[in-house]
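Only one structure is covered here, and it is reproduced in the block below.
The values are calculated or read from the model by the stated rules, or taken from the named source; none is laboratory data. Values in this document were obtained by computation on a predicted structure and should not be read as measured data. Methodologically, a virtual Cβ is constructed for each residue, glycine included, from the backbone with ideal geometry; neighbour enumeration extends over all protein chains shown.
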């Protein structure tokens, strides 16, 4: 195993573990619990679920793996704070999107070779990438993993 | 920059960012807020602060950087659940330990060379490490970073 293969494995082990943790918590809470705030006057569980789906959907264009599949979610769950949009998808709808995304995203991420993970992502220019080679595709997984961990630590409070 | 240097930088950028986020939150909340539960019937902020210090202290022996500096905290904040130990350190004491640890740990981590980060940590045998080369010192930073993010996502709820 080369060091590059090793590090891609280490990063993906963490990403997949956190996705699984999130999925386990979602399966352990009811739709009613998901509608509750994670703490008084804070975001609701359903907002965090939509937020995670929208942020993970945005990884597709960033990694040059195609367009977002649900661009409308970005507006509701990233650009707007919780409780500011009147009609949002139901717990059932979001659960189905999450489940679907788990499979599709995992499949799409697996299509990249080890070397491709060290290539630039789409929001950095070729010029900047020469000076900042850490802004590669693998770094998207690293940053999205801590983002996911941050919100998984909040979703667990609904249990 | 070699790929190994690059990946060590990527991992430490995340670790340092999360430490800084945690530190910013701690500085923004009062001792009174720190004594509160992050959500009804969940861990108190002070427990999470002690927990983070104890877990980070435990990185020293794992990375072969010396003994724990505060072994007594592991018993209180890792082995025991919140509210089960009668007398625990005060917010002031824990804040001082956190601040001190931020500096000391950063300094100690900086003493390892890039190649050393890809060597085995102390809780894996030389034999197992041949079969599982991802169980290196850098992986300790990766896993502790998501652990930190998880609890930073909870501490922010006290604000």
Pairs where the first residue, in region A:35-64, is within 11 Å of chain B (Cβ to nearest Cβ) and the second is in a loop (DSSP other than H, G, I, E, B), C-beta under 6 Å, 6+ apart: A:39/B:39; A:43/A:82
Looking at region A:139-156 only, could you name the residues that are within 7 Å of chain B (Cβ to nearest Cβ) and in contact (Cβ under 8 Å) with a residue 12 or more places away in the chain? A:139, A:142, A:145, A:149, A:151, A:152, A:154
Scan region A:116-138 residue by residue and report those that are touching a residue at least 24 places away in the same chain (Cβ under 8 Å) and either exposed (fewer than 14 other Cβ atoms within 10 Å of the Cβ) or at the interface with chain B (Cβ under 10 Å from one of its Cβ atoms) (or both). A:118, A:122, A:123, A:138
Can you find a residue that is more than 27 Å from residue B:27 (Cα to Cα), within 14 Å of chain A (Cβ to nearest Cβ) and modelled with pLDDT of 95 or more anywhere in region B:105-113? no
Restricting attention to region A:53-94, the residues that are within 14 Å of the chain's Cα centre (by Cα) and closer than 19 Å to residue A:31 by Cβ number exactly 4
Any hit, region A:102-115, residues being surrounded by fewer than 15 Cβ atoms within 10 Å (Cβ to Cβ), assigned to a loop (DSSP other than H, G, I, E, B) and within 17 Å of the chain's Cα centre (by Cα): yes
When residues of region B:2-16 are limited to those that are farther than 18 Å from residue B:119 by Cα and more than 8 Å from every other protein chain (Cβ to nearest Cβ), the one surrounded by the fewest Cβ atoms within 10 Å (Cβ to Cβ): B:16
Do we find that residue A:23 is touching a residue at least 60 places away in the same chain (Cβ under 8 Å) and in a helix (DSSP H, G or I) in this structure? yes
